[in-house]
Each structure stands twice: as C-alpha cells, then as structure tokens.
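First comes the structure, then the notes that go with it.
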Amino acid sequence: LAGLLAFVLPGAVIYLTYCFSEYFVVDKRTSVKDSFLLSRALTYGWRTRLLPIALLALLVSVLAPEIAVIQDPFNNPSVALNFGAWNVVSFVLKNFVFLPWLSLAMARAYVYLLAAPSGPAAGGGEDA
C-alpha cells in the first residue's frame with residue numbers, strides 16, 4: 001500500500017500531466033521544455049477524463065501475455081518463446097488492435113483539447 005501511494009499514484013499524475021509533450025514536439029515543433037509546459041497547461045482540469053484511456057492502455061499492456069519472455073534476468077538471462085494459441089492471439093490483438101486504438105484515442109484527445117476551451121470552469125475535469 002505504501003508503494004502504491006508513494007510511487008504509482010504520483011507517477012500516474014505525472015504521466016497524465018505530461019502525456020501530450022511528444023505531440024507538441026511533433027505538431028508545434030516546440031522545444032522539450034516548452035512541450036512539457038504546454039502539455040501541463042493543456043491537461044489542466046482534464047486529467048480525470050484522460051485517466052480511463054491511460055488505465056486501459058496499462059491494463060492491456062500488463063494483462064496480455066507476451067510471446068517472448070526473459071527468464072532469470074539477473075543471473076543467467078535467456079529468452080524463451082511461447083507460441084501457444086492464447087499467447088499468439090493476445091499478442092496480435094494487443095499490438096495490432098488495442099494499443100493502436102488507444103494511441104488514436106490519445107491523439108484524438110490531444111486534438112480535442114487543443115480546440116476546447118481551457119480549464120475546469122469551461123467544462124474540464126475536477127483535478128488541479
């Protein structure tokens with residue numbers, strides 16, 4: 001519980017604050033520092049509404065099994081391939097359906113937030 005409170009929750013807030021910085025670098029050709037400042041300003045008041053997309057991406061990434069697994073990563077690292085039916089189907093669905101769809105959802109949120117009135121008073125979320 002302490003690790004959750006100390007690392008996971010602040011990490012989620014930091015991610016949701018700066019998740020659009022790479023979009024600003026590509027779209028507006030800003031510097032790295034400016035892109036972080038613009039992302040913070042863009043997500044102000046909207047972080048609670050962006051949270052479900054981030055949680056879905058996290059759940060898909062964590063719960064879907066991978067084909068390649070690293071065994072004994074510290075002492076004698078080796079890669080094992082598991083081509084079971086469930087692993088292959090989940091790998092294909094994760095990498096070719098769910099994660100691209102969630103990436104497009106984040107891109108759509110970026111476009112929407114650029115056009116939307118800013119701040120929680122203008123219809124944004126409740127967070128600060």
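Here, each number is a calculation from the coordinates, and none is a lab measurement. This is a predicted model, so every value here is computed, not measured. Glycine also receives a Cβ, built like all others from the backbone with ideal geometry; neighbour counts cover every protein chain displayed.
Quick notes on this one:
- Here is the figure for the range 52-95: residues that are polar (S, T, N, Q) and closer than 30 Å to residue 16 by Cβ total 3.
- Qualifying residue in the range 71-85 (condition: under 27 Å from residue 114 (Cα atoms) and either touching a residue at least 40 places away in the same chain (Cβ under 8 Å) or among the aromatic types (Phe, Trp, Tyr) (or both)): no
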